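First up is the structure itself, then whatever we jot down about it.
The values are calculated or read from the model by the stated rules, or taken from the named source; none is laboratory data. Keep in mind that what you see is a predicted model, and the values were worked out from it rather than measured. Remember, those area values only see protein heavy atoms, side chains included, never the ligands or the DNA or RNA. Shrake-Rupley method; radii C 1.70, N 1.55, O 1.52, S 1.80 Å.
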Amino acid sequence: ERRERERKLSKEMAEKATRELEKMRLQEKAEVKYKEWLKKKRDEEAEKKKIEKEKEKERQAELQKKRERSEKIFKEWLHNARNKPRPVLNGYGFPRGKSTGLYSYCTYVLT
């Protein structure tokens, strides 16, 4: 009986050790998988940030081009505006912008 108990006890201890060993292996496997997953996530995030930076650079370049084009067009307009003839305020029948007499039925204004 004693031998049988010792054998049973040693068998239980062996099983327990085997379970512990298996548990440790599974835990190590889980840690390795977690580290791989974490590395993959970090790589994806770094790639995402890189793409966002590139898009931001493109957007800034586009805004700069647009700004330069707008400035060029404004300067051209300003240059052309200086050379355009001014409207005549004191034209025939309208000195200082008011009608002076009956020159035409349409221009007569009652004052």
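None of Glu22, Glu31, Glu36, Glu54 is open to solvent by 100 Å² or more (accessible area, probe 1.4 Å) and in a helix (DSSP H, G or I) except Glu36.
Among the numbered conditions (1) open to solvent by less than 90 Å² (accessible area, probe 1.4 Å); (2) at pLDDT below 95, the only one that Lys11 does not meet is (1).
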